[in-house]
Amino acid sequence: MPNWPTVRRRRLARELSNLRQAIDMTIEDAAASAGISPSHLSRVERALVGVRVPAVRALLQTYGANASTMTSLIEVAQTATQRGWWHRYAGSIPDEYATYIGFEADAARIWNFELISIPGLMQTERYIRSILQGGVARLTEEEIERRVEIRMRRQALLRREKPPGLWAVLDEAAIRRQVGSPETMAAQLDHLAAIASLPHVDIQVIPFTAGAHPGTPGGFVVLGFADPADREVVYIETMAGDLYPEGTAEVRGAIQAFDRLRAMALSPDDSTSMIRAVAKEYS
């Protein structure tokens, strides 16, 4: 099974690395104290692999961590290796996509800007299928059906007992570009308007009349988490691969861009009215 990183594993990696560096200890010496190899500890600190709780405890004792840090990070270590439903698709989806699904499942808030398509969490089955058939990758019918299944399973988080807060900002092009048949597009927009009525969902549309805006380069997602110790994750999908910029300035820039985008967009009520009006054009 793959070792896809999770929010908890990233936090554990960061904290262990910071504690080691704070006492100016080499990876070789720290690894020896925990009974693991230096190469393994190096991969742990980069969130590439998990690490067993006894090794974490030994590392924390070596680093002189206080009692509250010990308790907190051991708890993180215990949950960092838990597998989600998406692990059953190992080998059939790209690692970057599986990593994103894991981050999304842990998120308390999701801020999503899309330039030319409806966000994945809000897509209908027919829309998903049309998107995949027209994508860059030439997928088999079996692969398309698997991707449809995965995307529909992702959407379940919007209906769970404690759903994340979802705020989506869409360029007007996303609701006007016909994907699939007119019937497919009309049903998709009606579905989008219905989702907008959920109490934990806000959807805004930036009209063409707003002119140029910070989202012109393309879509992106900012994921926030309930625990303040877990940093926001920025996700950008590109033709060259998925990106997860982690620099403080990059993350802050994405958050500021999203703030500007929602300030330029129509209000949620006016956006829903526009979505319903465009849906009628396809009916």
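Of note:
- For the chain, the Kirkwood hydrodynamic radius from C-alpha pairs, put into Stokes-Einstein at 25 °C and a viscosity of 0.890 mPa s, yields a diffusion coefficient of 119 µm² per second.
- Going from the residue with the fewest nearby Cβ atoms within 10 Å to the one with the most, SER42, SER181 rank SER181, SER42.
- Applying the Karplus relation 6.51 cos²θ - 1.76 cosθ + 1.60 with θ = phi - 60° to region 256-272 yields 3J(HN,Hα) values of 5, 4, 5, 4, 5, 5, 6, 6, 7, 7, 5, 5, x, 5, 5, 5, 5 Hz, where x marks Gly and Pro.
- Taking each DSSP H run with n ≥ 4 as -39500 (n - 2.57) and averaging over every residue of the chain yields -16000 deg cm²/dmol at 222 nm.
- Note on the chain: antiparallel DSSP beta bridges, both residues inside, total approximately 50 percent of the bridges counted.
- Candidates THR216, VAL233, THR272 compared by Cα position along the dipole of region 85-282: farthest toward the positive end lies THR272, with charges placed on Cβ.
- Global geometry of region 130-175, whether rounded, prolate or oblate, following the gyration tensor of its Cα atoms and the 1.5 cut on a/c: oblate
- Per-residue Cβ neighbour rank within 10 angstrom, fewest leading, VAL221, VAL179, VAL136: VAL136, VAL179, VAL221
Read-outs: derived from the displayed coordinates by stated rules, not from any lab. Only a predicted model underlies this, so the values are computations on that prediction, with no experimental measurement involved. Reconstructed Cβ throughout: ideal geometry from the backbone, glycine too, with neighbour counts over all protein chains shown.
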